[in-house]
Amino acid sequence: MNTRMRYTRLSGALLTALAFSILFSGRAAAADETVVARPDFSGVWLPDSKASGRWPAQRPFTPAMAELRAKWEKATAPIDLTRDDEHISCMPYTLPYMMTTITQYPFEIVSTPRRIYIFTEVYGQVRRIDIDAPPPSPETLPSRTGTSRGRWEGSQLVVETTNILPEAEGSRYPGSPALKVVERLSLAEGGPGGKQLVNEVTMHDPLVYREPITIRMVYKLATGVEVGEYICNQDLWDAHRDGTSSKIPWR
Amino acid sequence: MSMRRTKSWMIAALLATLAGCGKSDGPGTAGAAADGTGAPIDIAGVWLPDASRAEPWPEQLPLTPAARSMVENFNPSEHDPTTFCMPFGTPRNMLQTDYPLEIVQTAQRVMMVLQPNLANSEVRRIPLDGNPLPESPDPSWYGTSRGRWEGSTLVVETIGLRPDALVSGNGLRHSEELRVIEKLSLVNVPERGQMLVDEIELHDPKAYEQPLKTRRYFVRAPQIQLREPTSCIELQWIDKLWRQRLEEHAAAGRKAGKS
């Protein structure tokens with residue numbers, strides 16, 4: 001998926017593909033010749049648990065949010081994660097958690113000139129980052145992946161995401177309608193795959209946190225890994241078909 | 001978005017020139033040749049299926065006795081995976097005409113994204129790297145695909161499809177031997193302009209005595225933004241929360257009644 005591979009895998013059948021590569025890469029350069037080379041984040045990436053940062057142990061909740069959470073915890077105690085965790089019940093992740101959680105699941109980035117896609121394996125989610133897009137219109141409905149727009153700052157891609165579906169005060173990582181996630185993506189040398197994707201994720205959410213939280217995530221290049229199919233509720237269907245019991249709580 | 005389309009034309013035109021086929025006579029004709037001449041075309045973007053142009057299956061499908069009996073005994077509430085928030089799977093996701101299709105295209109791969117109101121986004125990954133299909137991939141909902149450009153036609157072969165998926169909502173099924181061959185190209189349709197056509201062939205000697213063939217047509221829909229497909233699961237989750245809430249109320253009521 002990297003440029004080197006792109007040009008070494010030449011065969012007769014791929015001549016047309018080569019024409020595509022030349023055009024797509026030539027196009028970015030023609031659009032703005034003054035910018036530094038823009039890195040290509042395309043490829044399959046895995047969170048590097050050793051190199052990545054973590055959420056602070058004590059999060060700087062606003063007094064109002066701290067009070068709400070305490071109330072919620074008291075009302076719902078004891079919390080049974082096998083029953084009360086929405087992700088176990090197949091509800092997909094929400095930003096920023098989907099980028100800051102450390103899982104064994106890869107995600108794939110596919111870059112096209114005006115839109116960068118992130119396809120996650122877990123929950124099969126799709127993020128779309130529109131380059132130099134205008135701010136989302138006020139009618140845009142919130143969603144788990146929000147509305148993302150990116151801009152290049154030198155060799156760094158800055159992605160701003162708003163319109164993120166609010167998470168309840170009791171969830172692991174609550175979010176309000178005011179949540180804005182700013183991600184700074186860049187490539188670095190090193191790591192097991194030789195190449196790392198660094199993502200400095202900053203959460204601005206004045207209704208939840210007194211101050212922004214920044215987590216530096218590092219993803220390693222997962223050469224040869226294909227992003228697989230992830231059908232969370234597969235066991236519900238299997239249970240229906242062969243009579244085994246489902247682990248999904250809402251069964 | 002309109003800028004994006006203009007650029008697409010530029011790419012298509014440039015590619016045509018590069019390949020020396022001389023068919024770069026502007027928008028509306030790029031990819032008109034589905035006969036193997038021409039160069040790869042830009043099919044990236046959001047497409048809306050045209051239900052009115054979808055070719056219905058023939059009255060009498062050449063089904064094997066096993067496949068026929070499955071159609072005859074089909075009960076959607078029991079046998080349709082979508083009743084259980086499961087995916088359409090391939091090729092049903094290409095045959096359906098309710099949800100838009102987003103195509104992501106680079107020189108190395110094509111992704112086809114559908115976001116029906118089920119659980120996951122349905123993402124078909126189609127490498128164009130010239131590698132052959134594996135012998136017997138693990139069965140999956142979207143299968144294992146390889147694509148190649150034949151002139152300005154994208155030919156996609158898909159195998160490794162789960163036989164518990166349906167081909168269509170009336171109970172038509174396939175076996176684990178299904179091989180889907182699709183030919184995607186752009187055609188000019190009078191009064192509709194340029195459309196994407198997917199010629200779909202289903203080869204499955206276990207289920208069909210002859211390959212099944214049909215076509216689906218799509219119009220460009222740059223105004224459509226694909227949304228997250230969580231409603232089916234979301235409803236189940238909300239249902240679970242409310243069921244628990246009601247059970248708690250009932251338990252509290254019983255307790256209050258006793259004391």
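The values are calculated or read from the model by the stated rules, or taken from the named source; none is laboratory data. The model shown is predicted, which means the values in this text are computed figures rather than measured ones. A quick note on method: Cβ atoms are made from the backbone with ideal geometry, for glycine too, and the neighbour counts reach across all protein chains shown. Side chains included, ligands, DNA and RNA excluded: accessible areas come from the protein's heavy atoms. Shrake-Rupley method; radii C 1.70, N 1.55, O 1.52, S 1.80 Å.
Rolling a 1.4 Å probe over the protein heavy atoms leaves B:Ile200 with an accessible area of roughly 0 Å². Average accessible surface for region A:43-242: 44 Å² per residue, computed with a 1.4 Å probe over protein heavy atoms with every protein chain in place.
Of the peptides B:104-115, B:161-172, the order by per-residue mean of other Cβ atoms within 10 Å, starting with the highest, comes out as B:104-115, B:161-172. Peptide A:116-127 is shielded by partner chain Cβ atoms: per residue, an average of 4 of them sit within 10 Å of its Cβ. Here the accessible area of region A:43-242 is 53 percent carbon and sulfur, with a 1.4 angstrom probe and all protein chains present. Taking a Cβ cut-off of under 15 Å around A:Asp205, the surrounding Lys, Arg, Asp and Glu residues balance to a net charge of 0, with basic ones at +1 and acidic ones at -1. The candidates A:Cys90, A:Cys232, arranged from most to least accessible area with a 1.4 Å probe in the full protein assembly, appear as A:Cys232, A:Cys90.
Partner chain Cβ atoms within 10 Å, averaged over the residues of B:138-150 - can you pull that number for me?
For peptide B:138-150, the averaged partner shielding equals 2.
Summing charges over neighbours of B:Gln96, with a neighbour being any other residue whose Cβ is under 11 Å away from its Cβ, gives 0 when K and R count +1 and D and E count -1.
Decide, for region A:162-251, between rounded, prolate and oblate: order the square roots of the alpha carbon gyration tensor eigenvalues as a ≥ b ≥ c, take rounded if a/c falls under 1.5, and otherwise choose prolate if a/b is larger than b/c, else oblate.
Since a/c reaches 1.5 but b/c is at least a/b, the shape of region A:162-251 is classed as oblate.
Could you sort the residues of region B:68-102 by number and keep only those whose accessible area is reduced by 20 Å² or more in the all-protein-chain setting relative to the chain alone, 1.4 Å probe? Residues passing the criterion (a loss of at least 20 Å², heavy atoms only) are B:Glu78, B:Phe84, B:Met86, B:Glu102. Evaluated with a Cβ-only charge set (Lys, Arg +1; Asp, Glu -1), region A:145-235 carries a dipole of roughly 280 debye about its Cα centre, given to the nearest 20.
Contact residues in region A:213-238 by the 20 Å² criterion (accessible area, 1.4 Å probe, full protein complex versus chain alone): A:Glu226, A:Val227, A:Glu229, A:Ile231, A:Asn233, A:Gln234, A:Leu236, A:Trp237.
Of the peptides A:202-209, B:140-147, the order by per-residue mean of other Cβ atoms within 10 Å, starting with the highest, comes out as B:140-147, A:202-209.
A 1.4 Å probe, protein heavy atoms only, puts the accessible area of A:Ser155 near 60 Å². Peptides A:215-228, B:60-73 ranked from most to least packed give A:215-228, B:60-73, packing being the mean of other C-beta atoms within 10 angstrom over each peptide's residues. Which shape class, rounded, prolate or oblate, goes with region B:80-230 when its Cα gyration tensor gives a ≥ b ≥ c as root eigenvalues, a/c under 1.5 marks rounded, and past that a/b bigger than b/c marks prolate? Here region B:80-230 falls in the rounded category.
Computed from phi, the 3J(HN,Hα) profile of region A:208-222 under the Karplus parametrisation 6.51, -1.76, 1.60 (θ = phi - 60°) reads 10, 10, 5, 9, x, 10, 10, 10, 9, 9, 10, 10, 9, 5, 10 Hz, with x in place of Gly and Pro. For the chain pair A and B, buried accessible area totals roughly 4800 Å², probe 1.4 Å, rounded to the nearest 100. A Förster distance of 56 Å, applied to the separation of the beta-carbon atoms of A:Leu187 and B:Trp57, puts the FRET efficiency at 0.70.
Note on B:Asp98 and A:Val158: their simple-model spin labels are 4.3 nm apart, each label 7 Å out from Cα toward Cβ. Close Lys pairs in region A:43-242 (alpha-carbon distance under 28 Å; sequence gap of 8 or more, or different chains): 6. Label sites at A:Arg172 and A:Ala57, each approximated as a point 7 angstrom past Cα along Cα to Cβ, lie 1.9 nm apart.
Taking a ≥ b ≥ c as the square roots of the eigenvalues of the Cα gyration tensor of region A:100-142, is the shape rounded (a/c under 1.5), prolate (a/b larger than b/c) or oblate?
Cα axes put region A:100-142 in the oblate bin.
Inter-label distance, B:Gln194 to A:Arg151: 3.1 nm, where each label sits 7 Å from its Cα along the C-beta direction. Expressed as a whole percent, the accessible surface of region B:113-181 that belongs to carbon and sulfur atoms is 44, based on a 1.4 Å probe. Each residue was assigned an accessible area with a 1.4 Å probe, and for A:Phe107 the value is about 10 Å².
I'd like the mean, over residues of B:107-114, of how many other protein chain beta carbons sit within 10 Å of each residue's own Cβ.
Shielding by partners across B:107-114 averages 5.
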